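Engineer: Below are the structure tokens for one structure; questions will follow.
The values are calculated or read from the model by the stated rules, or taken from the named source; none is laboratory data. Remember, predicted model here, so these are calculated numbers, not experimental data. Cβ sites come from the backbone with ideal geometry, for glycine too, and all protein chains shown count toward neighbours.
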Amino acid sequence: MSENAGGWPPGPRGSQDPRLARDPRQFQRPQRIPGLLPGQDGLPPEDRLRPLPSGYEPVHHEPAYEGLRPDQDWPDDSLWSRTQRLSRPQADGGPSGQPANASYGEDPRGPAGDDLGDHYSDQGRYAGGGEYEDGYEAGGKFLPGFGDDDEVEDHHGRAGHGHRGQGRRQTGRTGRSRGPRRRRFRWIAPLVALLVILIPLGVGGYYAFNLYMAKDHPADYSGAGTGHVVVQVTAGETATGLGPTLTKLGVVASSRAFVLAAEHSSNPNGLLPGFYGMREHMKASLAYAALLNPKDLVEIKVTIPEGWRVSQTLAWLGAHSGISLGAYQKVLKDPAKLNLPASANGNPEGYLFPATYEVQPHETALGVLTAMVQRFDQEAAAINLPAAAKSVHLTEGQVITMASLVQAEGGRLSDYPKIARVIYNRLAKRMPLQLDSTVLYGLNTYGIIASDQQLTSSSPYNTYKYKGLTPGPIDSPGNAAIQAVLHPASGNWLYFVTVNPKTGETLYTSSPQQFQQFRLQLEKNLGQG
């Protein structure tokens, strides 16, 4: 074995340590720890028997350990003992000089170069102690921004090396202070956690309280109300369905209050169709009681204008008479109940006489439609329609059908007799009537001028394709149109065009060329809106 077999660096040239002659292994130093610089390679803090070779710097040590030899017992917290622990191979097969136990870890500050005292504090940071070198306590805070109060950067280099009594040391590599520090912002984390819990609870509680109040203690007025409002109750209406309407009209403060009033009433399902005179800002219980009182029912006036089709008439009645549209449509599925005149051939089109009607409380759809047919019978009787039709060589049905055409085409009442004369003249000449209104009716649409494609329709109401009158009326004519058919104007016109639909201006001619000019004038006015 060579003199330095145990890792002892050779002495100066020509010198020999007499201790090696006795027992070289007694004073062998541990093998150098890989990655450490001279003076940090695990040598004892001081060798009084022999000075260190050239190139090695002595490691500072505590005075309490002066005079101890390597073969003597060193305290566990001494630099020598810690150096020995780091340089000793680990039980799990770690390399010499590198601890294999994961609890030791690597120096977090990078390559070795600082004193071991800087890397490993007296607290045993890497040996299971209570603190780590980066300043975080074991099992403590790991959230950035929640550190200690006085953690500051030292921009003037190292300071305070080797002062044990100050707790944590200062790191020389980063210049970061490791002195005593107070906790900084330690109250923020609990506050944030508390807010995360309290805010959802507060919001949820607020909505829960509002739901509770809206359900069991809804908004409600306190008096009998003021003013006057007409409220319609349709057939089969419920408090739940009517509540929003009353709220919108300002009768009650909330729909829920009205529903609760109905539930607490002795007759919760007693709503009957009709129109009721009520007040604004009524207490919900008083509002519901008013809808159960027949004395509060009012008559409803409904006006049906001339020239409306049956479909238009039913839609208007369903919206304004207090009776649903479905109820009217159901009646028309069996028109025999209406007691239509024989000339109608079971078709109510043209026989629901246009006029103003008073719909009584609790009226039915059958009663309303029957009243309209009865009104037609009255008007027909007033003019003695059977005899008047014979005077113009028409049947009663033909008179009503022609009157519906005049009603649809006429713009002003003064034009009705002239339009009737044009129809008579074309029938006499066996010419197609060529009325756009009949084509559009057969297609169940509306307009003024039929398109070329619509004119090719195979509907029996297409008077461009079929000669003569249509199979029946196309609307409900008024008394003026009926009288125009019974008393037409004199003239030889074969054409007429309402050139200005806004004003109703209508021009007449017997010339096809003039008719085409009228037609272009109409199209121009329509193009101008």
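Engineer: Among the listed residues Ser476, Ser459, which satisfies the condition of being surrounded by fewer than 20 Cβ atoms within 10 Å (Cβ to Cβ) and in the same structural domain as Lys524 (by TED's automatic domain parsing)?
Structural biologist: Ser459
Engineer: Quick one: would you say Gly307 is part of a loop (DSSP other than H, G, I, E, B), more than 22 Å from Ile474 (Cβ to Cβ), touching a residue at least 12 places away in the same chain (Cβ under 8 Å) and of a type outside the set (Ser, Thr, Tyr)?
Structural biologist: no
Engineer: Tell me which of these Leu443 doesn't satisfy, since it passes every other one: (1) among the hydrophobic types (A, V, I, L, M, F, W, C); (2) at pLDDT 95 or above; (3) surrounded by 18 or more Cβ atoms within 10 Å (Cβ to Cβ); (4) within 55 Å of the chain's Cα centre (by Cα).
Structural biologist: Looking at each condition in turn, Leu443 falls short on (3).
Engineer: Also: Return the residue satisfying two criteria in turn: it lies in segment 405-432 and is charged (D, E, K, R) and surrounded by fewer than 24 Cβ atoms within 10 Å (Cβ to Cβ), and of such residues it is farthest from the chain's Cα centre (by Cα).
Structural biologist: Only one residue tops the list, namely Lys429.
Engineer: Given (1) modelled with pLDDT under 95; (2) not in a loop (DSSP other than H, G, I, E, B), identify the lone condition not met by Val422.
Structural biologist: (1)
Engineer: Condition first: within 18 Å of Ala484 (Cα to Cα) and at pLDDT 95 or above. Can you find one or more residues in segment 327-349 that meet it?
Structural biologist: No, there is no match, as no residue in segment 327-349 is within 18 Å of Ala484 (Cα to Cα) and at pLDDT 95 or above.
Engineer: Provide a single number: the residues in segment 508-527 that are among the aliphatic types (A, V, I, L, M) and touching a residue at least 24 places away in the same chain (Cβ under 8 Å).
Structural biologist: Of the residues in segment 508-527, 2 are among the aliphatic types (A, V, I, L, M) and touching a residue at least 24 places away in the same chain (Cβ under 8 Å).
Engineer: Further question on the same structure: Residue by residue through segment 488-529, note down the ones that are assigned to a loop (DSSP other than H, G, I, E, B), of a type outside the set (A, V, I, L, M, F, W, C) and surrounded by fewer than 19 Cβ atoms within 10 Å (Cβ to Cβ).
Structural biologist: Within segment 488-529, Ser490, Gly491, Asn492, Pro501, Lys502, Thr503, Gly504, Ser510, Ser511, Gln528, Gly529 qualify.
Engineer: I'm trying to understand the selection: among the residues of segment 319-341, which are of a type in the set (A, V, I, L, M), under 50 Å from the mean Cα position of the chain (by Cα) and not in a helix (DSSP H, G or I)?
Structural biologist: Ile323
Engineer: Moving on. Do you know which residues across segment 342-365 are under 17 Å from Gln312 (Cβ atoms), in contact (Cβ under 8 Å) with a residue 40 or more places away in the chain and not in a strand (DSSP E or B)?
Structural biologist: Asn347, Glu349, Gly350, Tyr351, Leu352, Phe353, Pro354, Ala355, Ala365
Engineer: Something else about it: So Val485 clears everything in (1) in a loop (DSSP other than H, G, I, E, B); (2) at negative phi except one condition, right? Which one?
Structural biologist: With respect to (1) in a loop (DSSP other than H, G, I, E, B); (2) at negative phi, Val485 is out only on (1).
Engineer: Would segment 448-465 turn up any residue that is in contact (Cβ under 8 Å) with a residue 60 or more places away in the chain and in a loop (DSSP other than H, G, I, E, B)?
Structural biologist: Looking through segment 448-465, at least one residue is in contact (Cβ under 8 Å) with a residue 60 or more places away in the chain and in a loop (DSSP other than H, G, I, E, B).
Engineer: Same structure again: Give the residue that is farthest from Ala389 (Cα to Cα), with candidates limited to residues of segment 466-482 that are in a loop (DSSP other than H, G, I, E, B) and among the β-branched types (Val, Ile, Thr).
Structural biologist: Checked segment 466-482; the qualifying residue farthest from Ala389 (Cα to Cα) is Ile474.
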